[in-house]
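Coordinate-derived values only; no laboratory data. Model, not experiment: these values are computed from the prediction. Counting neighbours? That spans all protein chains shown, and the Cβs are built from the backbone with ideal geometry, glycine included.
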Amino acid sequence: MTDITADEALEVERLNDEFKYVRDSDQYGKRDAWYIMKEAPWEGDCEDYALTLLYRLSGYSHTKMWISLLTRKSKLCFCTVRGTGHAVLKYKGEYVDNIQKSFCSKEIMEQDGYEFSKWLFIPYQVAIKLALGVYFKRKSLWQ
């Protein structure tokens, strides 16, 4: 049984309708830049998708998003998919990412070839990577 509400599932569908996967190296010329998408274009990679979805699920509130991360109610999980590093959002015990595009169990993801690491992105890492992402995005707009 899941605690995901119909509104939360709908928020995932909305983001999926708008989201286009773009590698950081193609978008910013950098290997790893994290960003919360607040307006179009809704382009980014797995971390951008996970963070943007968490921001939306938190009522479009940075404060609620950070409280969720700091209290570990939500987590950004590191895994590999077909040998490539990947970020997945864990929210209310369910997992979601830009590949599955809906909430599901960890077991379903593992059956689909996801290999989860015990390592998680801690909130301080998220903050630093988001700050760098803002810098890279602004820098790319100035060029």
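Structure notes:
- Which of HIS62, HIS86 has the fewest Cβ neighbours within 10 Å, and the rest in rising order: HIS62, HIS86
- Förster radius 22 Å - calculated FRET efficiency between ARG14 and HIS62 (Cβ-Cβ, nearest 0.05): 0.70
- Comparing mean-square fluctuations of GLU18, GLU39, GLU94 from a GNM of the chain with C-alpha springs under 10 Å, the top value falls on GLU39.
- 3J(HN,Hα) couplings calculated from phi for the range 45-61 with the Karplus curve 6.51 cos²θ - 1.76 cosθ + 1.60 (θ = phi - 60°) are, in sequence order, 10, 5, 5, 4, 4, 4, 5, 5, 5, 4, 4, 5, 5, 8, x, 6, 10 Hz; Gly and Pro show x.
- Model label sites at LEU120 and VAL134, defined 7 Å from Cα along the beta-carbon direction, differ in position by 2.4 nm.
- nm² value of the averaged projected area, convex hull over the Cα atoms of the range 1-116: 7.2
- Comparing LYS64, LYS118, LYS90 in a Gaussian network model of the chain (Cα springs below 10 Å), the most mobile by mean-square fluctuation is LYS118.
- Axis angle, to the nearest 10 degrees, between helix 6-18 and the longest C-alpha principal axis of the chain: 40 degrees.
- The range 6-137, relative contact order in percent, only Cα pairs under 8 angstrom and at least six apart counted: 26
- Fluctuation leader among TRP34, TRP119, TRP42 - the chain, Gaussian network, Cα springs under 10 angstrom: TRP119
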